[in-house]
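**Q** Let me give you the structure first, and then I'll get to my questions.
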Amino acid sequence: MKLTTWGACGTVTGSCHLLEHRGFRLLLDCGAYQGEAEERNRAGFAFDPRQIDAVVLSHAHLDHAGRIPRLFHEGYQGRVYATAPTLKLVRPILEDALKLMKEDIRRARRKKLPVPELLWDDADIRLFNERGKPVPYYSPRKIGPFRLTLKNAGHLPGSAFVEVQAEGRTLVFSGDLGNRRKETLPDPDYPRVADLTLSESTYGDRPHRPFQETLVEFAEVLGRTLDGGGKVIIPSFALERAQEILFYIRRFEAEGQIPVAPVFVDSPLTTRVSEIYGQIQDAFSPLVQSFYRRGVDPFAPARLRYTRSVEESKQINELGGPAIIIAGSGMLSGGRILHHLRHHLPQPENAVVFVGYQPRGGLGHQLISGVTPVRIMGHEVAVRARVYSLGGFSGHAGRDELLDWLAAEQRIVLVHGEDAARQSLARRLRARGARVSLARLGQGYEI
Ligand SMILES: [Zn+2]
């Protein structure tokens, strides 16, 4: 087999790798670049999509699946293999990405700026829907000359790592490995010993903060703010993080740690993902499944409301009294979260709680650093609300979990990590005798 790394080399987005054997070409992930690297999505693929025979997706995040429609747009005609939950969750994510792309185009036209190209369209999402092929965990499938097995990566519902075998040789591709402390998802499985392991390294240089500390702080902040009559604003990603936050709010309420207050989920994408959660109950931890079996929705606090229209969203800001508002985008790059922040930052009784990474220089980073006033949607906004940043909710394995998962592996190629993270991880892996390389774009490996 020959592996070529075509993405997520020295960065944490754009996962995409090509595995070839006897003329058959299998693509592992087809992810979009995000954040500062987003412009790279405009460049074509480094290979001819018409020459790809099959694709396997590790999980539903955009940085692993977001260029699938573009692949179809450029003539790909094969199947897309993934677990059934992944195939279900990818659809609304892609539709949302298309909507945002179209909004960018409309905005550019209105402002008479250079109009970006539409990289793919509804027809390509339809093709993806038609060509998706569910593969259950642990059931090997023959694809061309390869034998493919998906195992649980514990990172999202349906997330998988991939084992590919051909003629007695084995490649393991980690996808993104989950955080074992997540109570809502099953723990990641361990891989078989491979001839080459292609592994993520996102948190390769640091262990996570103990999760229990995060939960204690989260309950304290919620309790204090709601008791004081304030609103808690939580910017969140739509997939997994928002539902996990709801899971803990429900638990804190049930245990009497916080008062029962209205909880608004003000993000159409989060609402769609939450609907799908009810259809993929097997993809969760035994704890979550036990709730469903008792007829309890584990992701629904007592006074949960999903807002639909923009009007409903605006009405939330006119409500008096305590409330929790969860809205996107998680990194404050747009979305309804901005008008909630604009309305609620000036009052000292309110709180903003960050539960995910905020890029340097962005609005979230400014708020965490104590900047006031800040600019939001063209307005100067004084910051009197308290701002908290809770580490520990990460959906990724921390350094020690990565080392544990890779314990038996002898030949490791590191992707999906900033250079500092993967260099640090590489040093520790080499110290115990493993051969480790840091993947570069377009580099090939014989297996
Ligand atoms: Zn991911």
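Read the figures in this text as sums done on the coordinates, not as results from a lab. Keep in mind it's a predicted model, so treat the numbers as computed, not measured. FYI the Cβ positions are ideal-geometry reconstructions off the backbone, even for glycines, and counts take in every protein chain you see.
**Q** Mean residue ellipticity at 222 nm from the helices of the chain, using -39,500 (n - 2.57) per DSSP H segment of n ≥ 4 over the full residue count, to the nearest 500 deg cm²/dmol?
**A** Computed ellipticity for the chain at 222 nm equals -9000 deg cm²/dmol.
**Q** What is the percent of Cα-Cα separations in region 372-415 that go past 13 Å?
**A** Summing the P(r) tail past 13 Å for region 372-415 gives 74 percent.
**Q** Taking region 185-235, which trypsin sites (Lys or Arg not before Pro) meet the DSSP loop condition and have no more than 15 other C-beta atoms within 10 Å?
**A** Taking region 185-235 and a limit of 15 other Cβ atoms within 10 Å, the loop trypsin sites (Lys or Arg not before Pro) found are Arg192.
**Q** Under 14 Å from a point 7 Å along the Cα-to-Cβ line of Arg427: which residues of region 172-208 have their amide N that close?
**A** Taking a point 7 Å out along Cα→Cβ of Arg427, the residues of region 172-208 whose backbone N falls under 14 Å are 204-207.
**Q** Arranged from highest to lowest average of other beta-carbon atoms within 10 Å per residue, in what order do the peptides 21-30, 194-203, 302-311, 264-273 appear?
**A** Top to bottom by mean Cβ count within 10 Å: 194-203, 264-273, 21-30, 302-311.
**Q** Quick one: in region 140-200, what % of C-alpha pairs are over 20 Å apart?
**A** Counting every Cα pair in region 140-200, those more than 20 Å apart make up 26 percent.
**Q** Treat region 284-339 as a sphere of radius equal to its Kirkwood radius over Cα pairs and apply Stokes-Einstein at 20 °C in a medium of 1.002 mPa s; give the translational diffusion coefficient in µm²/s, rounded to a whole number.
**A** Translational D for this selection: 156 µm²/s.
**Q** Whole-Å semi-axes of region 182-308's equivalent ellipsoid, largest first, each the root of 5 times a Cα gyration tensor eigenvalue?
**A** 29, 19, 15
**Q** Ranked from highest to lowest mean number of other Cβ atoms within 10 Å per residue, what is the order of the peptides 438-446, 175-183, 102-110?
**A** Peptide ranking by packing, descending: 175-183, 438-446, 102-110.
**Q** Another one. For region 1-86, state the semi-axes of the equivalent ellipsoid (square roots of 5 times the eigenvalues of the alpha-carbon gyration tensor), sorted largest first and rounded to whole angstrom.
**A** 19, 14, 13
**Q** Oh, and also: Just subtract the alpha-carbon distance of Met377 and Lys314 from 0.36 nm times their residue separation and send over the number in nm, one decimal.
**A** 21.2 nm
**Q** For the chain, what is the relative contact order in percent, using Cα pairs closer than 8 Å and at least 6 residues apart in sequence?
**A** 19
**Q** Straight-line reach from Lys231: which lysines have a Cα under 27 Å away, not including same-chain ones fewer than 8 places off?
**A** Partners within reach: Lys182, Lys314.
**Q** Taking a temperature of 37 °C and a viscosity of 0.692 mPa s, what whole-number D in µm²/s does Stokes-Einstein yield for region 390-447 with Rh from Kirkwood over alpha carbon pairs?
**A** Answer from the Stokes-Einstein relation: 263 µm²/s.
**Q** To continue, here is another question. Find the relative contact order for region 1-109 and round it to a whole percent, using C-alpha pairs within less than 8 Å whose residues are 6+ positions apart.
**A** 21 percent.
**Q** Rounded if a/c is under 1.5, else prolate if a/b beats b/c, else oblate: with a ≥ b ≥ c from the C-alpha gyration tensor eigenvalues square-rooted, which is region 54-101?
**A** oblate
**Q** Give the Kirkwood hydrodynamic radius (Å, one decimal) of region 333-447, defined as one over the mean of 1/r across all pairs of different Cα atoms.
**A** One decimal place: 17.5 Å for the Kirkwood radius.
**Q** Take the alpha carbon gyration tensor of region 235-327, find the square roots of its eigenvalues, order them as a ≥ b ≥ c, and report rounded if a/c is under 1.5; if not, report prolate when a/b exceeds b/c, else oblate.
**A** Note, shape of region 235-327 comes out oblate.
**Q** Which value in nm describes the separation of the simple spin-label points at Gln443 and Glu39, placed 7 Å from the Cα toward the beta carbon?
**A** So the label points at Gln443 and Glu39 sit 2.5 nm apart.
**Q** Pairwise over distinct Cα atoms, reciprocal of the mean inverse distance: report the Kirkwood radius of region 104-150 in Å, one decimal place.
**A** Every distinct Cα pair counted, the radius reaches 14.4 Å.
**Q** Considering region 210-273, what Rg and Dmax in Å follow from its alpha-carbon atoms?
**A** Final numbers for Rg and Dmax: 12.0, 32 Å.
**Q** Multiply the residue separation of Arg50 and Arg126 by 0.36 nm, subtract the distance between their alpha-carbon atoms, and state the gained length in nm to one decimal.
**A** Gain on stretching Arg50 to Arg126: 25.6 nm.
**Q** While we're on this one: Report the net charge of residues surrounding Phe252, where surrounding means a beta-carbon distance below 14 angstrom and charges are Lys +1, Arg +1, Asp -1, Glu -1.
**A** Within the 14 Å Cβ shell, the charges total -3.
**Q** Using 0.36 nm per residue of separation minus the Cα-Cα distance, give me the extension gain between Leu113 and Arg305 in nm, one decimal.
**A** The Leu113-Arg305 span can extend by a further 65.3 nm.
**Q** With the contact rule set at Cα under 8 Å and sequence spacing of 6 or more, what percent relative contact order holds for region 338-419?
**A** 33
**Q** Another question, if that's okay. Let me know the volume per residue of the alpha-carbon convex hull for the chain, in Å³.
**A** Here the figure is 138 Å³ per residue.
**Q** Another question about this same structure. Considering all alpha-carbon pairs of region 320-359, what whole percent are spaced by more than 16 angstrom?
**A** 34
**Q** Regarding region 71-225, what are the three Cα extents along the principal axes, ordered largest first, in Å?
**A** That gives 58, 54, 27 Å along the principal axes, largest extent first.
**Q** Mind grabbing the base-10 log of I(q)/I(0) for region 152-247 at q = 0.11, 0.15, 0.17, 0.22 Å⁻¹? Debye formula, identical points on the C-alpha positions, no solvent, two decimal places.
**A** The calculated log intensity ratios at q = 0.11, 0.15, 0.17, 0.22 Å⁻¹ are -0.48, -0.75, -0.89, -1.20.
**Q** Roughly how many whole Å is it from the C-alpha centroid of region 414-443 to that of region 1-16?
**A** Centre-to-centre distance over Cα atoms comes out at 13 Å.
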